[in-house]
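Some notes on the structure that comes next.
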Amino acid sequence: MNEFNGRGLIAADAPNAIEVDHIVKRYGSFLAVDDISFAVKEGEIFGLLGPNGAGKSTLIRMMTTLIPITAGTARVAGHDVARDPNAVRHTIGVIPQALTSDLDLTVEENLNIYAKLYDVPAKRRKEAIAELLETVDLTKWRDAQTKTLSGGMRRRLEIARGLVHSPKIFFLDEPTTGLDPVSRVSVWEMLTSIKAKRKLTILITTHYMDEAEYCNRLVLLDRGRIVAMGTPTELKSQHMKGQLLMIECLPLGPALELLQTVPEVLDAAVFGSGIHAVVADAAVMAPKIRELLLARQFRPGRIEQIAPSLEDVFVSLTAARGANTNGVAA
């Protein structure tokens, strides 16, 4: 069986590019990553999705050899991360959260230095840099100092820099954090295009739930543990127990408190300027909820059924886990 969600066709029998087996990270008594296992197939865009503090960055740092693994194993491109870190480093590209290109160098100089660090031959360096500048739409800024670029342009430079040695597997840790919505979309469109052209495997972390729609598969992380795994479609169909109503109502907080006392409302939470409520039958409950709100002197606006988002799934799953005192690193 194949999986297709608009971001590439992945064969079910494709070999694994990344294998994580019961991986754990502790800092003394502090449990950051708690017994996590998953595999990423060659050619996938695989997402680690969760809020700040879920353990996403800790996971990616272990897989990219930046911090040691406390227990369990990770294999990247067939190489054991703990036993053969140098082999792993030569097969991967890594884009950290922070923008790390040298601000005083030009765009081309940043790429050239990185290529030299990876021993890319001089002739290949020139060709690779020209190709990458075109790919990330920075050709006309090749001689510009990096400090003059916008945040979105600097992120595109970082992506080009991470690809200059032609890695097989690309790790990106929160690559769109701090970017405006237009720049975020631009970065994702560029990544999916690069992935197709270069036949890359991409593992990406994000706390933006909407970005997970670009992934073939993903895991939802909370407090250092996996709470769900699958395609975006699977997660929304399997973990939303009921139908979803979007409710506009003022005042918002007290309206939410009231809805949470209604037995027919399976779950409810504030999303943006409204409330998302899970019910068994949206057509039946919408008029009942409006009637209840009016009877209690609230001011309801639109009440309509909507398709669930991954954020709805995540809130539903994590709410069931309840409070937990176990802290995790970001």
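Note down the Stokes-Einstein diffusion coefficient of the range 32-154 in µm²/s, whole number, using a Kirkwood radius over alpha carbon pairs, 10 °C, and 1.306 mPa s.
94
Count charges around M62 for me, please; just the other residues with Cβ under 14 Å from its Cβ, Lys/Arg as +1, Asp/Glu as -1.
Details: positive: K25, R26, K56, R61, R75, R83, R89; negative: E19, D21, D34, D35, D80, D173.
With Lys, Arg at +1 and Asp, Glu at -1, the neighbours total +1.
State to the nearest 20 debye the size of the charge dipole of the chain about its Cα centre, where the only charges are +1 on K and R beta carbons and -1 on D and E beta carbons. Working shown, then result.
On the way: 38 positive and 39 negative charges, 126 e Å.
Value, rounded to 20: 600 debye.
How would Y27, Y118 rank on accessible area, largest to smallest, probe 1.4 Å?
Numbers: Y27 100, Y118 60 Å².
Descending order: Y27, Y118.
Taking all pairs of distinct Cα atoms, average 1/r, flip it, and tell me the Kirkwood hydrodynamic radius of the range 118-167 in Å to one decimal place.
This gives a value of 11.2 Å.
What whole-number volume per residue, in cubic angstrom, does the convex hull of the C-alpha atoms of the chain give?
Values: hull volume 50.3 nm³, N = 330.
Hull volume normalised by residue count: 152 Å³.
With the contact rule set at Cα under 8 Å and sequence spacing of 6 or more, what percent relative contact order holds for the range 27-103? Don't jump to the answer; show the numbers that get you there.
Values: 45 pairs, mean separation 14.6, N = 77.
Normalised by residue count, the contact order of the range 27-103 is 19 percent.
Helix by helix through the chain, keep the DSSP H runs that span 24 Å or more along the axis on Cα and average at least -1.0 on Kyte-Doolittle, and give those back in order. List each step's numbers first, then the result.
Working: long enough: 181-198 (26 Å, -0.07).
Span-like helices here: 181-198.
By per-residue mean of other Cβ atoms within 10 Å, what is the highest-first order of 256-265, 31-40? It would help to have the intermediate numbers written out before the result.
Working: 256-265: 14.5, 31-40: 19.6.
The packing order, highest mean first, is 31-40, 256-265.
Consider just the alpha-carbon atoms of the range 93-134 and return their Rg together with their Dmax, both in angstrom.
Here Rg and the maximum Cα pair distance are 10.7, 31 Å.
Could you give the length gained on full extension between A196 and L252, defined as 0.36 nm per residue of separation minus the Cα-Cα distance, in nm? Don't skip to the end; give the middle numbers.
Values: separation 56, 0.36 × 56 = 20.16 nm, distance 4.43 nm.
Stretched fully, the A196-L252 segment lengthens by 15.7 nm.
Any idea what Rg and Dmax come out to for the range 155-198 if you just take the C-alpha atoms, in Å?
Answer for the range 155-198, Rg first and Dmax second: 10.5, 29 Å.
Within the set of other residues whose C-beta is less than 14 Å from the C-beta of R296, count the net charge using Lys and Arg as +1 and Asp and Glu as -1. Walk me through the intermediate numbers first.
Numbers: positive: K288, R290, R299; negative: E257, E291.
Local net charge: +1.
Starting from the Cα of K168, step 7 Å along the direction of its Cβ; do the same at S273; then give the gap between the two resulting points in nm.
Simple spin-label model gives 5.0 nm for this pair.
For the range 201-271, list log₁₀ I(q)/I(0) at each q in 0.17, 0.27 Å⁻¹, using the Debye formula over Cα point scatterers of equal strength and ignoring solvent, two decimals each.
Computed log10 I(q)/I(0) values: -0.83, -1.21.
Among the lysines, which have Cα under 29 Å from the Cα of K123 when same-chain residues fewer than 8 positions away are ignored?
K140, K147, K168, K195, K197, K199
To the nearest 20 debye, what charge dipole does the range 152-201 have about its Cα centre, counting +1 at the Cβ of each Lys and Arg and -1 at the Cβ of each Asp and Glu?
So the dipole magnitude of the range 152-201 works out to roughly 320 debye.
Report the FRET efficiency, 1/(1 + (r/R0)^6), for E264 and N52, where r is their Cβ-Cβ distance and R0 is 45 Å, rounded to 0.05.
Values: r = 34 Å, r/R0 = 0.75.
It comes out at approximately 0.85.
On a C-alpha basis, how far is the centre of the range 157-233 from the centre of the range 110-155 in Å? Whole number, if you could?
20
Around S309, with a cut-off of 13 angstrom between Cβ atoms, what is the net charge of the other residues, counting Lys and Arg +1 and Asp and Glu -1? Intermediate results must be reported in sequence, preceding the final value.
On the way: positive: K236; negative: D210, E211, E213, E311, D312.
Around S309, the surrounding residues sum to -4.
With viscosity set to 1.306 mPa s at 10 °C, what whole-number translational diffusion coefficient in µm²/s follows for the range 138-217 from Stokes-Einstein and a Kirkwood radius over Cα pairs? Numbers along the way, then the final one.
Working: Rh = 13.4 Å.
Roughly 118 µm²/s, to the nearest whole number.
Considering only protein heavy atoms, what per residue accessible area in square angstrom results for the chain with a 1.4 angstrom probe?
Working: 15460 Å² over 330 residues.
The answer is 47 Å² per residue.
So how far apart, in nm, are the two label points at E291 and D35 if each is 7 Å from Cα heading toward Cβ?
Between E291 and D35, the simple spin-label model gives 4.8 nm.
Dipole size in debye (nearest 20) for the range 67-185 around its Cα centre, Lys and Arg Cβ +1, Asp and Glu Cβ -1?
Using Cβ point charges on Lys, Arg, Asp and Glu, the range 67-185 gives about 220 debye.
If I take every Cα pair under 8 Å that is 6 or more residues apart in the chain, average their sequence separation and divide by the length, what percent do I get for the relative contact order?
In percent, rounded to a whole number, it is 21.
Return the Rg/Rh ratio of the range 207-247 with Cα-based radii and a Kirkwood Rh.
Working: Rg = 11.3 Å, Rh = 11.4 Å.
Rounded to two decimals, Rg over Rh is 0.99.
Output the direction-averaged projected area (hull surface divided by four) of the convex hull of the alpha-carbon atoms of the range 205-330, in nm².
On the way: hull surface 32.8 nm².
Orientation-averaged projected area of the Cα hull: 8.2 nm².
Kindly provide the pair-distance distribution of the range 65-107 built from C-alpha pairs, with 5 Å bins from 0 and whole-percent values in order of increasing distance.
Whole-percent P(r) values from 0 Å outward: 5, 19, 23, 17, 14, 11, 7, 4, 1.
Which listed residue (G301, L244, I289) has the Cα farthest towards the positive end of the charge dipole for the range 242-303, taking +1 on Lys and Arg C-beta and -1 on Asp and Glu C-beta about the Cα centre?
My answer, from the dipole projection, is G301.
Keeping the other protein chains in place, figure out the carbon and sulfur percent of the accessible area of the range 238-304, with a 1.4 Å probe. Walk me through the numbers before you get to the answer.
Working: 2010 of 3620 Å².
Ligands and nucleic acids excluded, carbon and sulfur reach 56 percent.
In the range 165-216, what percent of the accessible surface is made up of carbon and sulfur (1.4 Å probe, ligands and nucleic acids excluded)?
Values: 1080 of 1940 Å².
Answer for the range 165-216: carbon and sulfur cover 56 percent of the accessible area.
How many percent of the accessible area of the range 100-150 is carbon or sulfur, using a 1.4 Å probe?
Values: 1530 of 3120 Å².
On the range 100-150, the fraction of accessible area on carbon and sulfur atoms equals 49 percent.
The values are calculated or read from the model by the stated rules, or taken from the named source; none is laboratory data. In this text the structure is predicted, and so the values were computed from the model without any measurement. Reconstructed Cβ throughout: ideal geometry from the backbone, glycine too, with neighbour counts over all protein chains shown. What goes into the accessible areas is simple: the full protein's heavy atoms, side chains included, and nothing from ligands, DNA or RNA. Shrake-Rupley method; radii C 1.70, N 1.55, O 1.52, S 1.80 Å.
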